[in-house]
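Chemist: Sharing a structure, written as structure tokens. Questions coming.
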Amino acid sequence: MLTQRVNILSESSTIAITALSQELKAQGKDVLSFSAGEPDFGTPQIIKDAAIAAINDNFTKYTAVDGIIELREAIANKLKRDNGLDYAPNQIIVNNGAKHSLFNLFSATIEDGAEVIIPAPYWVTYPELVNYCGGKVIEIQTHDYDLFKITPAQLSSAITPRTKMLILTTPSNPTGSIYSKKELIELGKVLEGTDIIVVSDEIYEKLTYEGEFTSVASVSEDMFKRTVTINGLSKSVAMTGWRFGYMAAHDTALIKATKKLQSQSTSNINSITQKAAIVGLNGSADADIEMMRQAFISRRDEAMKLINEIDGLSVIKPNGAFYLFVNIKDVSSDSLIFVKDLLDKKLVAVVPGVAFGSEGYFRMSFATDINTIRAGIARIAEFVQDLKA
Ligand code: PMP
Ligand code: GLU
């Protein structure tokens with residue numbers, strides 16, 4: 001009854017583990033969950049107020065499929081102000097979250113074994129969507145000793161005549177690595193003379209702690225033309241449930257194609273979210289963003305220190321996002337068994353490295369309060385001690 005393309009699709013493991021820990025909590029179990037990639041903060045009041053005003057003003061009808069013009073202008077202004085990028089509103093489309101942007105983009109560009117280069121560890125959704133669209137995933141494995149970043153030489157040897165796309169995530173989920181401007185320029189040089197599309201997922205842009213964030217499309221004219229910039233507000237202003245994301249591309253034909261697809265599938269995103277998103281983008285919530293960023297820095301520092309004190313575990317410092325990608329190679333060769341046993345025995349939920357394409361690690365989010373982080377890592381320490389006993 002079901003199609004081959006849906007049969008090969010796996011459920012999002014990050015969402016599945018989060019749902020399982022919520023289920024266990026509902027049964028009264030004292031589960032400490034570090035699985036969800038979601039800020040624990042509420043959406044800033046100023047954004048909520050804009051949404052309430054939109055409802056009261058009856059801004060509750062269908063809108064333009066690609067988003068109201070004020071919103072696309074607010075995105076264009078943001079991309080200019082923060083990233084030095086010149087996109088016009090017709091080079092931008094608003095989608096139901098960055099995940100939906102990726103779905104539309106891949107649907108419009110990938111078919112028949114087109115090769116998509118994905119550095120591993122990667123966010124769980126990329127390979128699933130590539131496979132769903134009939135593409136072929138080409139992984140480039142990175143490691144903690146190279147700070148989980150691909151080199152120009154690795155990229156060069158992954159390219160074939162069938163390469164359609166390269167996906168970059170900076171800052172990265174799950175590792176928190178950030179590509180410097182110099183590194184991006186070098187990667188860009190490898191692509192010169194090809195038709196390869198670069199997808200730059202910049203959803204964690206505002207959660208940069210060390211080093212400078214550089215938008216991939218900004219490093220050269222050649223990169224600007226080939227890059228599709230993906231971003232949203234889920235992480236920066238804690239709007240995961242509102243469903244707002246966008247893509248921006250030099251190629252207006254690409255934006256038009258995804259608009260056509262969206263017009264026949266979801267239509268415009270929620271009208272109320274659109275009004276709220278303008279406030280999230282125009283700088284009005286900057287103080288809230290800074291407050292959350294500072295909180296993430298102190299949680300990261302403490303979580304990292306506590307993990308590195310556990311004999312057998314180690315983690316490199318994530319310069320962005322809100323995850324620790326913890327190396328467990330000294331104590332386990334199977335991250336899935338490790339996380340299942342950890343949940344079973346100590347009621348701590350984390351995500352296995354294998355879900356991100358890198359065996360020998362687990363991912364824990366530090367977007368949760370410090371007491372939960374301390375208690376959770378204490379349980380992880382006991383668990384590892386038992387493993388070694
Ligand atoms: N990209 C990355 C790297 C993510 O971690 C997420 C988190 N879900 C997304 C995109 C999608 O975010 P959303 O659909 O909530 O905008
Ligand atoms: N991106 C988040 C994560 O990696 C949210 C869950 C998801 O959309 O997969 O946990």
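The values are calculated or read from the model by the stated rules, or taken from the named source; none is laboratory data. Since the structure is predicted, the reported quantities are computational estimates derived from the model, not experimental observations. Cβ atoms come from the backbone with ideal geometry, glycine included; neighbour counts cover every protein chain shown.
Chemist: Spot the failing condition for T142; the list is (1) within 16 Å of ligand 2 (Cβ to nearest atom); (2) among the polar types (S, T, N, Q); (3) touching a strand residue (DSSP E or B) at 6+ places or on another chain (Cβ under 7 Å), and only one is missed.
Modeler: Status for T142: all satisfied but (1).
Chemist: Can you tell me which residue within segment 304-313, out of those that are of a type outside the set (V, I, T) and either closer than 12 Å to A381 by Cα or within 16 Å of ligand 1 (Cβ to nearest atom) (or both), is surrounded by the fewest Cβ atoms within 10 Å (Cβ to Cβ)? Steps first, please.
Modeler: Filtering segment 304-313 for residues of a type outside the set (V, I, T) gives 304-306, 308-309, 311-313.
If we keep only those that are either closer than 12 Å to A381 by Cα or within 16 Å of ligand 1 (Cβ to nearest atom) (or both) as well, we get 306, 308-309, 311-313.
Values: L306: 19, N308: 15, E309: 10, D311: 12, G312: 15, L313: 23.
Out of the qualifying residues, it is E309.
Chemist: Residues to consider are S298, S365, S358; find the one that is under 21 Å from K206 (Cβ atoms), out of contact with any Asp or Glu (no Cβ under 6 Å at 6 or more places or on another chain) and within 16 Å of ligand 1 (Cβ to nearest atom). Walk me through it before giving the result.
Modeler: Working: S298 fails: within 16 Å of ligand 1 (Cβ to nearest atom); S358 fails: under 21 Å from K206 (Cβ atoms).
Only one candidate passes the filter, namely S365.
Chemist: While we're looking at this one, here's another question. Assess whether Y179 counts as being without any contact (Cβ under 8 Å) to a residue 12 or more places away in the chain, within 21 Å of R300 (Cβ to Cβ) and away from ligand 2 (no atom under 16 Å from the Cβ).
Modeler: On the way: without any contact (Cβ under 8 Å) to a residue 12 or more places away in the chain: no; within 21 Å of R300 (Cβ to Cβ): yes; away from ligand 2 (no atom under 16 Å from the Cβ): yes.
The answer is no for Y179.
Chemist: Further question: Going through segment 1-14 one residue at a time, which ones are at pLDDT 85 or above and either in a helix (DSSP H, G or I) or within 17 Å of E128 (Cβ to Cβ) (or both)? Can you show your working first?
Modeler: Keep residues of segment 1-14 that are at pLDDT 85 or above, which gives 1-10.
L2, T3, Q4, R5, V6, N7, I8, L9, S10 - these are the residues of segment 1-14 that are at pLDDT 85 or above and either in a helix (DSSP H, G or I) or within 17 Å of E128 (Cβ to Cβ) (or both).
Chemist: If we keep just the residues of segment 200-258 that are assigned to a helix (DSSP H, G or I) and hydrophobic (A, V, I, L, M, F, W, C), which is farthest from ligand 1 (Cβ to nearest atom)? Working first, answer last.
Modeler: The first filter runs over segment 200-258 and keeps only residues assigned to a helix (DSSP H, G or I), leaving 216-218, 221-226, 252-258.
With the extra rule that they be hydrophobic (A, V, I, L, M, F, W, C), the set shrinks to 216-217, 223-224, 253-255, 257.
On the way: V216: 14, A217: 16, M223: 19, F224: 21, A253: 24, L254: 19, I255: 18, A257: 20 Å.
Per the criteria, the residue is A253.
Chemist: Okay, next question. Counting only residues that are within 16 Å of ligand 2 (Cβ to nearest atom) and of a type outside the set (S, T, Y), which one in segment 2-30 is farthest from V351 (Cα to Cα)? Walk me through how you get there before you give the answer.
Modeler: Step one: filter segment 2-30 for residues within 16 Å of ligand 2 (Cβ to nearest atom), giving 9-22.
The next check asks that each one be of a type outside the set (S, T, Y); those that pass are 9, 11, 15-17, 19-20, 22.
On the way: L9: 18, E11: 13, I15: 10, A16: 10, I17: 7, A19: 12, L20: 12, Q22: 14 Å.
Looking at residues that are within 16 Å of ligand 2 (Cβ to nearest atom) and of a type outside the set (S, T, Y), I get L9.
Chemist: Taking segment 164-198 as the region of interest, how many residues are more than 14 Å from ligand 1 (Cβ to nearest atom), in a loop (DSSP other than H, G, I, E, B) and of a type in the set (V, I, T)?
Modeler: Of the residues in segment 164-198, 2 are more than 14 Å from ligand 1 (Cβ to nearest atom), in a loop (DSSP other than H, G, I, E, B) and of a type in the set (V, I, T).
Chemist: Here's something else I'd like to know. Return the residue satisfying two criteria in turn: it lies in segment 170-186 and is of a type in the set (A, V, I, L, M) and crowded, with 16+ Cβ neighbours inside 10 Å, and of such residues it is farthest from T142 (Cα to Cα). Let's see the steps before the verdict.
Modeler: Applying the first criterion (of a type in the set (A, V, I, L, M)) to segment 170-186 yields 178, 184-185.
If we keep only those that are crowded, with 16+ Cβ neighbours inside 10 Å as well, we get 178, 184.
Values: I178: 13, L184: 16 Å.
Filtering first and then ranking leaves L184.
Chemist: Can you spot a residue in segment 152-163 that is farther than 21 Å from V354 by Cβ, of a type in the set (D, E, K, R) and assigned to a loop (DSSP other than H, G, I, E, B)?
Modeler: Yes, some residue in segment 152-163 is farther than 21 Å from V354 by Cβ, of a type in the set (D, E, K, R) and assigned to a loop (DSSP other than H, G, I, E, B).
Chemist: Could you list, in sequence order, the residues of segment 114-127 that are within 24 Å of M239 (Cβ to Cβ), in a helix (DSSP H, G or I) and in contact with a strand residue (DSSP E or B) (Cβ under 9 Å, 6 or more places away or on another chain)? Give the steps one after another, and end with the answer.
Modeler: The first filter runs over segment 114-127 and keeps only residues within 24 Å of M239 (Cβ to Cβ), leaving 122-126.
Subsequent filtering for residues that are in a helix (DSSP H, G or I) retains 125-126.
Passing the criteria: only Y126.
Chemist: Separate question: crowded, with 22+ Cβ neighbours inside 10 Å and either of a type outside the set (A, V, I, L, M, F, W, C) or closer than 28 Å to F325 by Cα (or both): is that true of L102 in this structure? Before the answer, list the steps.
Modeler: Working: crowded, with 22+ Cβ neighbours inside 10 Å: yes; either of a type outside the set (A, V, I, L, M, F, W, C) or closer than 28 Å to F325 by Cα (or both): yes.
Yes: the conditions hold for L102.
Chemist: Are there any helices (runs of 4 or more DSSP H) wholly within segment 15-113 with 3 or more residues that are modelled with pLDDT of 95 or more and within 21 Å of the chain's Cα centre (by Cα), and if so which? I'd like the intermediate steps shown before the answer.
Modeler: On the way: elements: 45-56, 69-83, 98-109.
In segment 15-113, the matching helices (runs of 4 or more DSSP H) lie at 69-83, 98-109.
Chemist: Can you run down the residue pairs with Cβ atoms below 8 Å, 6 or more apart or on separate chains, where the first is in segment 307-318 and closer than 16 Å to R374 by Cα and the partner is small (G, A, S) and modelled with pLDDT of 95 or more?
Modeler: Listed by first residue and then by second, the contacts come to I307/S314; N308/S314; E309/A381; I310/A381.
Chemist: Taking into account only those residues within segment 240-282 that are surrounded by fewer than 23 Cβ atoms within 10 Å (Cβ to Cβ) and within 16 Å of ligand 2 (Cβ to nearest atom), which is nearest to P171 (Cα to Cα)?
Modeler: T240
Chemist: Next up: Scanning segment 321-342 for residues that are surrounded by fewer than 20 Cβ atoms within 10 Å (Cβ to Cβ) and within 16 Å of R379 (Cβ to Cβ), which turns out nearest to ligand 2 (Cβ to nearest atom)?
Modeler: K340
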